[in-house]
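What follows is one structure encoded as C-alpha cells, with my remarks underneath.
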Amino acid sequence: MKATTYFLDQPGGEFSAKENEIPTLNAGEILVKTKRTSICKSDVIIYKKGLQRIKQWPAVILHEVCCEVVAVDENVSKFQPGDLLGIGCDLPCGDKDCIYCGENGTGDWTSCPNTHATGHEFPGFARTHAVLPDWFVQLGPIKKFPERIPKNYISQLEPLACCLEGMTRVNNCITDRVVVLIGAGSQSTYALQVAQAMKARKIILVNRGEERLQRVLDDFGDETTVGLLWDNDIEEKIFKECRPFNEPHFIMMNVPHEAGYELATKLMGYNTVLDAHAGVKGPEGKPAIMRNVDLNNDIHYKLQCYQATHGSSMHGINLAYEMLLNDQLPNLHKMTRPDEIFKQNQIKEAILRGDDKDSLKVIIDWD
C-alpha cells in the first residue's frame, strides 16, 4: 500500500505531493487514514511565516484531524480497523516513565521540557496515511468516536479541547457568570458555544471588524449574547454591559496582538479570571509584553486570576469529546460554509481561505 504526503517546501512556498510505501507495522503501532483536517490559525502562521519550533523544511503540517484506523499491530487491543479517531495536537514526550507524560504522570504535557506537537516536531496530517508509534497509541490524545458524529466535527476535537482547557481551569468561572470574549475568530466562536452550553449569564463578544462580529452573532448568538464593536470607548461599553456587576467574571483573550492584552488587563476586577488564550508569536520568536501588576491589592485582595492556555492535555480532550458525543454544540456545523470545504490537493487554497477575515473553520475533505 502507498501513501501520499504533501510537503511544504518553505514558508510562503508550495506543497508538493510525494508517494511512499507504507512500512510494516512494528509492535504497538497502528496505521490510520486521514479523513478530515481542519485549518487552524497556527497553520496560517506556519504557511505565511514559519515557526521556530519547525526545525526542518520541507515540513508536513496540519494538526486538527479525524482519522480512520486501517490496520493495527497484533499487540494493540484498544483500537481496531474501522474506528474513527479524533487526535489532539499536543503530545506526550514518549517516555513512559516521564513524571508529566508517562503512564503514571500528571498528564501536564505542556509542562514537559521534551514535549512535542503534531505538525511541529511530529509530522502533521497533510498526508493520506500515518503510522502512529506505540507510545502515541498508548499515551497520546486519541479518542474513538461513533459513526453518528460527523467527521467534520471530529476534526475539530483539538481546537475545542484548547478552548475548554482555558474555560475550566478555574472551577465555576463560566456558569451564571459574565463572560467577555476578545476577538470573534474561531476560538472565540468555540468559546461562545461552550459558554452557552455551560449556561453563562451573559456573553460579551468584542471585535474590531463589524462584518465578522455580525456573522458570529447571526449564526451563534442567543438571548445571552451581546456584540460590541471594538472602538475607543470599548472599556466603558464592556463595563456597562456587565451591570449589575462591576466587571466581567471571565475574560478570554483570543487575538494574537498586544492590543488584546492591553484591553484584557484593563478589564480585570474582583474575582476576574483572565485566560490569555492567544499568544503573540512569529518566525523571530515571542515578543515581551510587559505590564505591572499589584500582587497585593489586585492578585490577593481582589482575588484576580491570570492564566494562559496554549494547546491541550487529556483534560481538555476528554471534555471536548463529551461535548461532541452529547451534541452540546448544536450550531457547530455553522463554523464551516460550503465554500470552505477543500480537497486534499488544495491545501494551500484551504490555508489561504482560512486566512480570510470572514472565515471561521476551513475543512479539507480527504475522501
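Of note:
- Bridgeable lysines around LYS240 (alpha carbons under 23 Å apart, same-chain partners fewer than 8 residues away excluded): LYS199, LYS202, LYS266, LYS302.
- Global form of the range 312-363, assessed from the alpha-carbon gyration tensor, a/c cut-off 1.5: prolate
- Reachable aspartates and glutamates, given that their alpha-carbon falls under 12 Å from the alpha-carbon of LYS2 and they are not under 8 places away in the same chain: GLU19, GLU21
- Helical runs assigned H by DSSP (4 residues or longer) give the chain a calculated mean residue ellipticity at 222 nm of -7000 deg cm²/dmol, each run adding -39500 (n - 2.57) before division by the residue total.
- Spacing of the modelled spin labels on LYS348 and HIS315, each 7 Å from Cα toward Cβ, amounts to 4.1 nm.
- Amide H within-cut-off set for LEU228, under 5 Å, with H built and near neighbours excluded: LEU205, VAL206, ASN207
- The range 244-265 residues near the modelled LEU303 label - backbone nitrogen below 18 Å, point 7 Å along Cα→Cβ: 244-251
- Modelled this way, with points 7 Å down the Cα-to-C-beta line, the labels at LYS199 and ASN171 are 1.7 nm from one another.
- Order of PHE7, PHE125 - criterion: other Cβ atoms within 10 Å of each residue's Cβ, fewest first: PHE7, PHE125
- Taking a Cβ cut-off of under 12 Å around TRP366, the surrounding Lys, Arg, Asp and Glu residues balance to a net charge of +3, with basic ones at +1 and acidic ones at -1.
- For the range 327-367, trypsin sites (Lys or Arg not before Pro) are listed when DSSP marks them as loop and at most 15 other Cβ atoms sit within 10 Å of their Cβ; the list is LYS357.
- For the peptides 289-295, 77-83, 266-272, the ranking by packing is 266-272, 77-83, 289-295, with the highest mean count of neighbouring Cβ atoms within 10 Å listed first.
- Size descriptors for the range 170-308 (Cα atoms only): Rg and Dmax, in that order, 14.5, 44 Å.
Bear in mind these aren't lab numbers, they're just calculated from the coordinates by the rules spelled out. In this text the structure is predicted, and so the values were computed from the model without any measurement. When we count neighbours, we look across all protein chains shown, and the Cβ atoms used for this are built from the backbone with ideal geometry, even at glycine.
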